[in-house]
Amino acid sequence: MLSNRESARRSRTRKQQRLDDLMNLAAQLKHQNSQIDAQINLATQQYITVESENAILRAQLHELAERLHSVNSVLRMVEEASGMAMDIPEIPIPLLKPRQLPCTAQTIMANADMLQF
């Protein structure tokens, strides 16, 4: 009977230790999860900021390309009227279509190891 009591006590102690270990692990995982959430929120904010800046730059690029096109039209009319040859720069086609600028078509792979804790 004494042996059974001692065995039951050891079993309860192991069970309590296992429960404590699991509770500690759960607390660690919750902390890591909150850190990852914070990193995701920061990255999302940075993405939104960069995307907004890019939209502004694309609009400015389009406006400047239109202005250059207008100036080139005026220069061509002056060239025709005066008969004098002028060096009129052409608008590079990629500038008129910024979504088609040459870039690498590599897939960006992400994984949990990329995030630093």
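The values are calculated or read from the model by the stated rules, or taken from the named source; none is laboratory data. The shown structure was predicted, so the numbers you read here are calculated from the model rather than taken from an experiment. Backbone-built Cβ (ideal geometry, glycine too); neighbour counts: all protein chains shown. With ligands, DNA and RNA removed, areas are computed over all heavy atoms of the protein, side chains included. Shrake-Rupley method; radii C 1.70, N 1.55, O 1.52, S 1.80 Å.
Side notes on the structure shown:
- Residue within the range 79-87 that is of a type in the set (Asp, Glu), open to solvent by less than 60 Å² (accessible area, probe 1.4 Å), assigned to a helix (DSSP H, G or I) and out of contact with any helix residue (DSSP H, G or I) (no Cβ under 9 Å at 6 or more places or on another chain) present: yes
- When Ser70, Ser52 are checked against the criterion of being open to solvent by less than 100 Å² (accessible area, probe 1.4 Å), farther than 30 Å from Pro89 by Cβ and part of a helix (DSSP H, G or I), a single residue qualifies: Ser52.
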